[in-house]
Amino acid sequence: MGYLIGAFLAVYFLIGRWNFLRLQDTVETVSAGADPRVWLIGMAGAAALFVSCFHYRGWWRSFRLQRIDAVILLFLSYTLLTIFWAPDAQLAFDKAYEISLLLAVALLLSIVRQRDAATNVAHGFFFTLLAVGAAMAFVSIYKSTGGRIAAPGGGPNTFGRNMGLTALAAIYFASRARATVTTKVVAAGMVVVALLLVLMCGSRGGLLSASMGSMTIIILSRTSLMRKAVFVGVIALLGTAALFFTPAGRNAIEVFEHRIVEQTFGNRYLSARDDLWSHALELGQLQPITGLGLNGYRANSWTYPHNLFLEVWVEGGAVGLTLLLLAGAVFLHGAWRSRHQISSAAVAALVLATVAAQTSGDLFDSRGVFLLMALISPVAAVQPNAVRWSNNTIRARKPLPSGDAKPAMA
């Protein structure tokens, strides 16, 4: 059942604000009852309660909110509270609906964390992320007619982020101790395809976040330098062949030269991100303590700042920004203490999502940051004495005090 919960959460993460009206080329909002996000969270919640109530009777008596859950819920609750001093009631209500979805997912993961199903939830999440990401990748290549590409669920920026996460999901499974040679070869091919599509989408934020995620997994992966060199060499060799000997590769080179070399470095074109960030810094100074309120930036502008920290600074002030940073600090503290059992691929995915949230999207679009923080942390709370399972798992330096723990997530 944990795998099913993870699958629901992965689809919720990937589809974004997509709804069935998009099939008719209609970009309109739908009621909560027709919102796919509500249905996915509802099904995941029902599965979590089924596991807790029927497999672990009396679980509520031992329910204990972990620190990472507490700070995430506290941050999201405060963000929701800012609706009371928001400058535009309608805009605030629209955003409050999406913050409520984030709260529901955070609460769901706090329940799942209490039992061993947490590891299966992570496996289900990354497996679905890999499967759906691979499908999106091949459909996009098949339908590509040149130029930048994207896929349902978002524009090129979202597509670039998702392809980067698809590459890390492939590494997540290839690094497991039970992975066969065939699995590793297929995963290497999927990594090359996904990174190629990051170039083809032309997203500078997607390219930056994928680069940071790749660097993270290379640094954190506790394998020998020789294995790291072989892995990087194989990916580089396959990537070079794909770039110069396939139509998709040649298209990727053209997009890179136009978007990165010419527009970014040559013309210093940043898609008005610098103006949005400067405006956010100015708006944040109007109410530096509590912020302007929910959706306060959009109420004073035509869009959002495309930066998670600046958005929180404008709308939640120093209080909101402190709570957000506190959530990150609590995660880092728990991750360091449990570094022997947390997958380096999962940590790299969190780094990728965090970097992507600084250049594109609003608070709901940054849901991957909160989802992955909570998703990676469960094992640390449930299995504090877990043993090393795979070469890609960060190992403990000291022997563990007891040996009654279960295997760690890959």
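One table, with the values for the structure above:
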read-out	value
Inter-label distance for His333 and Ile253, nm, one decimal - labels placed 7 Å from Cα along Cα-to-Cβ	5.1
Relative contact order (percent, whole number), the stretch 2-382, Cα cutoff 8 Å, 6+ residue spacing	23
Gyration tensor (alpha-carbon) shape descriptor, the stretch 129-261, a/c threshold 1.5	prolate
Relative pair counts by distance (%), Cα atoms of the chain, 10 Å bins	5, 22, 32, 27, 13, 2, 0
Per-residue ³J(HN,Hα) for the stretch 300-305, Karplus 6.51 cos²θ - 1.76 cosθ + 1.60, θ = phi - 60°, Hz, x for Gly and Pro	10, 8, 9, 8, 10, x
Gaussian network model of the chain, Cα within-10 Å springs - most flexible of Met190, Met200, Met43	Met43
Karplus 3J(HN,Hα) series, Hz, for the stretch 322-339 with 6.51 cos²θ - 1.76 cosθ + 1.60 (x for Gly, Pro)	5, 5, 5, 5, 5, 4, x, 5, 5, 4, 4, 5, x, 5, 5, 5, 10, 5
Environment charge at Asp365 (Cβ cut-off 15 Å; Lys +1, Arg +1, Asp -1, Glu -1)	+2
Using a Förster distance of 41 Å, the FRET efficiency for Leu326-Phe244 (Cβ separation, nearest 0.05)	0.30
Value of [θ]222 nm, deg cm²/dmol, for the chain, DSSP H segments ≥ 4, -39500 (n - 2.57) each, nearest 500	-21000 deg cm²/dmol
Label point distance in nm, Thr29-Leu49, each placed 7 Å from Cα along Cα→Cβ	2.6
Extended-chain gain in nm, criterion 0.36 nm per residue less alpha-carbon gap, Ala318 and Ile219	32.4 nm
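All of the numbers you see were taken from the coordinates with simple rules; none came from a lab. These figures come from a predicted structure and were not determined experimentally. Cβ atoms come from the backbone with ideal geometry, glycine included; neighbour counts cover every protein chain shown.
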